[in-house]
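The values are calculated or read from the model by the stated rules, or taken from the named source; none is laboratory data. Everything numeric in this text was worked out from a predicted model, so none of it was measured. Here the Cβ is made from the backbone with ideal geometry for all residues, glycine too, and neighbour counts use every protein chain on show.
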Amino acid sequence: MSTAARHLLVIGIGAGDPDHLTLGAVRAMRRADVFFVLGKGREKSALTRLRRDVLDEHLPGPYRVVEAEDPWRDRRQASDAGYTDAVRDWRRRRADLCARLIREELAPGQCGAFLVWGDPSLYDSTLGILEDIGARGEVDFTCEVVPGISSVSALAARHRITLNRVGRPVHITPGRRLAEGLPPDDSDIVVMLDAHESFGQLAGSGVWIHWGAYLGTPDEILIAGPLDEVADRIRHTRAEARAEHGWIMDTYLLRRRPEGPDA
C-alpha cells in the first residue's frame, strides 16, 4: 500500500462562466484524479450542473466525480452568537463528511480537487474545513490553492465600473452587517451573502447600487441606479428569479454617489 500523501487542489472556478477559469485552474483540473462535489439538494442542482459544464469545457477526456449531499445548515439564527454557533456546527459536520470522502475515495498518492465558486479566499469555507481536517490528524494530505475570478470582479466587469475610486478604500461585508449602517469613511461597499435584502435598510441614504445575480451564467441579471429608485425593482426581480430557479446568488456594490471625474 502506498504511503505517499494525498494531494488536494482547491480551485477557484469563477462565478459560473467556463471562460472565467484561469490557465492555472485548467492545468490544475487536468492533474486531478477525482473531483469532490457537495450538492445542495434538488433546488440548487443547477450549481452541480454548472460545475460539470466547467469540467466538460476544459477536460479532454472522462473524469471522475464523487458527489455527496452538503450537510443542512440552520440559517434562521438572528443574533451574531446564534449565527456563529450555527456556522461552526455546520462546518464541523461538513469537515466530517469531507474527511470521509478524502479517506475513502482518494487513494494515497492521488490528487483530488474541490471546485470553489469565485475565489477560495473570499467567503468560502473550503480552506478552513481542510485546515480543520488536517489538524485532526485522521488523514494525511497536502493542499494547493488556485485563485479564481470572484463574483465581485465579475460584478464590476459586467457593470463596466471599478470597485474603488481614486485614493478611496473598498469595504467588503456580508449583508447581515449592513444593519450596523454604512462604514464611517468614504469607502465603497461590496455586499455579499445578503439573503434578506439588507439594502432596504439604507433608504434615503443617497447611495447608488450596482446589483448582479447569477453572474457569469446564462441567467445573469444586472440592475444599477440610485438605491431609492431601483430597490423595489431589485426586490421584485429577485423574488421572481428565486421562484423560477429555486435559488439565487447575488452581490452588489453600494456607492455614496455616482462615479465622478476623480474616479
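Only one of (1) hydrophobic (A, V, I, L, M, F, W, C); (2) modelled with pLDDT of 90 or more; (3) not in a helix (DSSP H, G or I) fails for A78. Which number is that?
(2)
I'd like to verify a number: residues in region 107-139 that are closer than 23 Å to V26 by Cα and among the aliphatic types (A, V, I, L, M), how many?
7
Can you confirm whether region 235-251 contains a residue that is modelled with pLDDT of 90 or more, outside any helix (DSSP H, G or I) and basic (K, R)?
Within region 235-251, not a single residue is modelled with pLDDT of 90 or more, outside any helix (DSSP H, G or I) and basic (K, R).
Specify the residue that is modelled with the highest pLDDT; the eligible residues are those in region 172-188 that are of a type in the set (D, E, K, R) and either assigned to a strand (DSSP E or B) or touching a His at 6+ places or on another chain (Cβ under 9 Å) (or both).
Only one residue tops the list, namely D188.
Being surrounded by 19 or more Cβ atoms within 10 Å (Cβ to Cβ), within 16 Å of the chain's Cα centre (by Cα) and not in a strand (DSSP E or B), is that true of even one residue in region 191-202?
Yes, the conditions are met somewhere in region 191-202.
Would you be able to tell me the number of residues in region 92-115 that are more than 15 Å from A68 (Cα to Cα) and outside any loop (DSSP other than H, G, I, E, B)?
2
Consider only pairs whose beta carbons are under 6 Å apart and that are at least six residues apart or on different chains; among these, list those whose first residue lies in region 216-237 and is on the phi > 0 side of the Ramachandran plot and whose second residue is surrounded by 15 or more Cβ atoms within 10 Å (Cβ to Cβ) and in a loop (DSSP other than H, G, I, E, B).
That search, which allows pairs on different chains as well, returns G216/A15; G216/G16; G216/D17.
So, in region 79-106, of the ones that are exposed (fewer than 14 other Cβ atoms within 10 Å of the Cβ) and of a type outside the set (K, R), which residue ends up nearest to A25 (Cα to Cα)?
That would be E104.
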